[in-house]
Amino acid sequence: MLYAVLNWGLGHATRSVPMIESLIAYGAEVEITSSGAALHYLKERFPRLRFHELPDEAIFYSKRGAEWSLIKRAVRQSKINAAQQRFIRSLTERENYSHLVSDNIYGAYSTEIPSAIITHQLSLKVPFGKSTVNAKMAEWINRFDEVWIPDDASKSIAGTLAENTKVSIPINHLGVLTRFAGSEPKEKAYEVGIVLGGPEPQRSILEKRILELTKSIKGKQILFRGSAKPETSATNQMEAYSMGDGREMAEKLAACKLVIGRSGYSTICDLLAIGAKALLIPTPGQTEQEYLAARVIAFPQFAVCKQSALSEEVIKRVLNSEVGKHESPNFFSSENPVIGRFLTK
């Protein structure tokens, strides 16, 4: 079978890890198609699998924020979908796959074999043209046989992002999808943990800002840059990694008194899995992250701050605050019946 992954930050790639492991456990022979940093990450994570380079257009945000970049991407999305569908159709015919799973690649569907799309976004938060935009979203999604939402239906994180009345194919909730297994260390070894990702230059802008503001904080810190380019060097105070993965990363972040990162969907799911106290900073102009930040601020373990308002005082106040625990959602299980049923088709 073929598994396609969107290269938009590392969130789609990291949350694909437990999905791919589950498919393999069910007996599927998995091949992966992706591009850029996501493809690099998955190649390192699954060195024995076969990979294919997916045609795509890289996304870059401006220094002011994400808004105009996302609008430009939306204008070109139909052409990108068509190019990716031609590639997927040719690859599927050549390799004779039995099933196709896509994490947010709208062109990665098939009319010949069962195909499912994984997405927590059935609709978009847009400043205008909402009905038209979401009708187009539904049109793309309805080309698949079914949609898998990586969320808990009863304790939803995605909220109205996962709602669209024009989606007509079967909808299944997988449970909250995260690469992290729960971890509760006996003591907090780090004052601050920093988790970054997403398109440039906003990723680097936030990294530079946080590192400047946390200089005065005493005690050990740890940084996961979410980029293959090692710009930050480790020091006696700071452990620095380009990427992170699996149990070791989960344990290190769970050992932080405070985690600082974006309010991306996959980041939120990962932090919920380890019960981390976190300060979340939405990417300016990224309406999905702004919506999720406004939604999860109700969770007692999360605080939210706009990037423009981030300060040393804010970080120290959240670091020293006491928080309660939110009731955990239902997480994805490797023996998920949705996957089992799909593979029997």
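The values are calculated or read from the model by the stated rules, or taken from the named source; none is laboratory data. Keep in mind that what you see is a predicted model, and the values were worked out from it rather than measured. Here the Cβ positions follow ideal geometry from the backbone for every residue, glycine too, while neighbour counts run over all protein chains shown.
Do we have any residue at all in region 250-271 that's within 16 Å of the chain's Cα centre (by Cα), farther than 25 Å from E44 by Cα and not assigned by TED's automatic domain parsing to the domain that holds Y41? Yes. Candidates are the residues of region 184-231 that are surrounded by fewer than 19 Cβ atoms within 10 Å (Cβ to Cβ) and touching a Ser or Thr at 6+ places or on another chain (Cβ under 6 Å); the one that is modelled with the highest pLDDT is A228. Has region 164-182 got at least one residue that is within 17 Å of Q289 (Cα to Cα), buried (at least 19 other Cβ atoms within 10 Å of the Cβ) and either modelled with pLDDT under 90 or small (G, A, S) (or both)? No. Checking each residue in region 1-43 for being in contact with an Asp or Glu (Cβ under 8 Å, 6 or more places away or on another chain), among the charged types (D, E, K, R) and either in a helix (DSSP H, G or I) or more than 21 Å from R94 (Cα to Cα) (or both) picks out only R15. When region 99-130 is filtered for residues that are in contact with a Lys or Arg (Cβ under 9 Å, 6 or more places away or on another chain), hydroxyl-bearing (S, T, Y) and either assigned to a loop (DSSP other than H, G, I, E, B) or not assigned by TED's automatic domain parsing to the domain that holds R143 (or both), the ones remaining, listed by number, are Y106, Y109, S110, T111, S123.
To keep it simple, each residue is scored yes or no on (1) polar (S, T, N, Q); (2) farther than 23 Å from K252 by Cα; (3) free of Cβ contacts under 8 Å to residues at least 60 places away in the same chain; (4) not assigned by TED's automatic domain parsing to the domain that holds H120.
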position: L280; (1), (2), (3), (4): no, no, yes, yes
position: F302; (1), (2), (3), (4): no, no, yes, yes
position: C305; (1), (2), (3), (4): no, yes, yes, yes
position: P337; (1), (2), (3), (4): no, yes, yes, no
